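I have placed the structure first, in the form of structure tokens, so that the comments after it can refer back to it.
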Amino acid sequence: MKRCAVVFATPERQWIWTVEVPEQANVAEVIQSARLQAGDAEVPWQGDVGIFGELCTRATVPRDGDRIEIYRPLKSDPKESRRARAAAGRAAAGPASAPPRSPLKTAR
């Protein structure tokens, strides 16, 4: 038997379930054991998972003492958020803030 911790957190609260499972149990089975302990906790059980911050699949077999993390879904796409912030910054700065262009060199 091995012991693993299953964790989930929101900005307001953290949950930690310690479960004991057979050595060959995979992440999906460990999460299922935690789910039985969790009762009616609002956790996205089908969300992405990882072990100590490294994304993994549910077929991964964790080791004794591993912390399995259930990740919250993103509220927005990070790339889109970055593009929107950059566009807002450019719009606020106006055209005068653009760096001057260097003159083109001509071949002789």
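The values are calculated or read from the model by the stated rules, or taken from the named source; none is laboratory data. Treat the numbers as computed from the prediction; the structure is a model and nothing was measured. FYI the Cβ positions are ideal-geometry reconstructions off the backbone, even for glycines, and counts take in every protein chain you see.
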Practice task
Please indicate, with yes or no, whether at least one residue in region 62-72 is modelled with pLDDT under 95, among the charged types (D, E, K, R), assigned to a helix (DSSP H, G or I) and surrounded by 10 or more Cβ atoms within 10 Å (Cβ to Cβ).
Solution key: no
Problem - Subset of region 20-42 that is within 22 Å of the chain's Cα centre (by Cα) and β-branched (V, I, T) - its residue that is surrounded by the most Cβ atoms within 10 Å (Cβ to Cβ) - result: V30
Practice task
Could you check, for region 19-28, whether at least one of its residues is farther than 14 Å from I68 by Cα, modelled with pLDDT under 95 and either in contact with a His (Cβ under 8 Å, 6 or more places away or on another chain) or not hydroxyl-bearing (S, T, Y) (or both)?
Solution key: no
